[in-house]
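First the structure, in the form of structure tokens, and then the observations on it.
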């Protein structure tokens, strides 16, 4: 049976799990925004949000005392959160390209 989280670690577990969701969403939003705006500061903010996500995953892993395959799931989550917005961005660009209209991006209109 899995050991429950100790009461002293409950709040750390709760808030780090919430922070994972918030930082992951922020990273995805800022990554997409940096692609649309082509602003380097927004891309830096996206990577800062990802760093916060990474710290939150480490905190959750320690507070919940993950071992074995749970560590693999944590690592897969961190990797997935990094590559998912990149893949979704490429998917959106490929599926929203109009073959009848060759100019699809602002930078190509100049």
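No lab work stands behind these numbers, since they all come straight from the coordinates. Quick caveat, the model's predicted, so the values are computed rather than measured.
Brief remarks follow.
- Binned Cα-Cα distance frequencies in the stretch 7-98 - 5 Å width, integer %: 3, 14, 21, 20, 16, 11, 8, 5, 2, 1, 0, 0
- Geometric extent, Cα atoms of the stretch 7-52 - Rg, Dmax (angstrom): 13.3, 45
- Estimated at 0.36 nm per residue, the fully extended path between residue 94 and residue 51 surpasses their Cα-Cα distance by 12.6 nm.
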